[in-house]
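Everything below concerns the one structure shown next.
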Amino acid sequence: MPRLRFFPACLLGAVLTLFAQDLPIVPLGRGDIINVEVEGEADLTKRVTISSKGEISLPMLKEHLQVEGLLPEAIEKIISDAYKHAQLLIDPTVRVTPAEYHSYLVKVTGAVTRPYEFQATERITLVDLIAKGGGPAANSNGRIEVIRRDRETGKETRQVILIKSLLEDDDPKDNITLKGGEEVLFSSAAH
């Protein structure tokens, strides 16, 4: 049986774009994977991961490019300018599309009916999260701890919210919007 030994680089950009079309456009972060397509330059069309320093490395460029926190359109300009500055391309047309998000991870753990993880690339509140997780488990003590870690310093902060006041009092300060990087811990009666 013949085996496919190569994938034509000219088709790679089209395939990468096809798979990325359903992802929302949000600022990119560490661990996110992007597709970089340089029009007419098949050897420069790549899938790259944003490093733990918020940078990407591309073929033929000596320097890493800082892209953390930027939208794909801004990254396109940075890449185009880098190839021009390095005098490798005259006026490159660059397209950047998100392939996978990993920087918006939210973990839902503890005494919840359905523990799960998801990427918070769209607006989601604590009430939405409770509904998605099936609500607190039978052994819940009625408290939720939202644990956040600062991406730069690693410093952890905790916010305790009572489920009853969140659901019954409808206080907007308790119904926080999750942005990614949080762990939502449903405390158990044992704690």
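The values are calculated or read from the model by the stated rules, or taken from the named source; none is laboratory data. Here the structure is a predicted model, which is why all the values come from computation and not from measurement. Ideal geometry is used to build each Cβ from the backbone, glycine not excepted, and the neighbour counts take in all protein chains shown.
Of the residues Val108, Val146, Val184, which is more than 27 Å from Ile34 (Cα to Cα), in contact with a Gly (Cβ under 9 Å, 6 or more places away or on another chain) and surrounded by 18 or more Cβ atoms within 10 Å (Cβ to Cβ)?
Testing whether each residue is more than 27 Å from Ile34 (Cα to Cα), in contact with a Gly (Cβ under 9 Å, 6 or more places away or on another chain) and surrounded by 18 or more Cβ atoms within 10 Å (Cβ to Cβ) leaves just Val184.
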If you go through region 116-127 one residue at a time, do you hit one that is in contact with a Lys or Arg (Cβ under 8 Å, 6 or more places away or on another chain), surrounded by fewer than 13 Cβ atoms within 10 Å (Cβ to Cβ) and not polar (S, T, N, Q)?
yes
Got a number for residues in region 61-87 being surrounded by 15 or more Cβ atoms within 10 Å (Cβ to Cβ) and farther than 30 Å from Arg148 by Cβ?
6
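Kindly establish whether Pro92 is surrounded by 12 or more Cβ atoms within 10 Å (Cβ to Cβ), out of contact with any helix residue (DSSP H, G or I) (no Cβ under 7 Å at 6 or more places or on another chain) and assigned by TED's automatic domain parsing to the domain that holds Glu37. Write out each step before concluding.
On the way: surrounded by 12 or more Cβ atoms within 10 Å (Cβ to Cβ): yes; out of contact with any helix residue (DSSP H, G or I) (no Cβ under 7 Å at 6 or more places or on another chain): no; assigned by TED's automatic domain parsing to the domain that holds Glu37: yes.
The answer is no for Pro92.
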How many residues of region 18-59 are part of a loop (DSSP other than H, G, I, E, B), more than 14 Å from the chain's Cα centre (by Cα), aliphatic (A, V, I, L, M) and modelled with pLDDT under 95? The answer is 0
How many residues does region 43-61 contain that are out of contact with any Gly (no Cβ under 9 Å at 6 or more places or on another chain) and at positive phi?
1
Show the residue pairs that are 6+ apart or on different chains and have beta-carbon atoms under 9 Å apart, the first residue being within region 173-191 and in the same structural domain as Arg149 (by TED's automatic domain parsing) and in a strand (DSSP E or B), the second being surrounded by 19 or more Cβ atoms within 10 Å (Cβ to Cβ) and among the aromatic types (Phe, Trp, Tyr).
Leu178/Tyr104
Scan region 55-69 and report the pairs whose first residue is outside the structural domain of Tyr83 (by TED's automatic domain parsing) and whose second residue is at pLDDT below 95 and surrounded by 16 or more Cβ atoms within 10 Å (Cβ to Cβ), with Cβ atoms within less than 8 Å and a gap of 6+ or a chain change.
none
Asp91 is checked against (1) under 24 Å from the mean Cα position of the chain (by Cα); (2) free of Cβ contacts under 8 Å to residues at least 40 places away in the same chain and fails just one. What number does that condition carry?
(1)
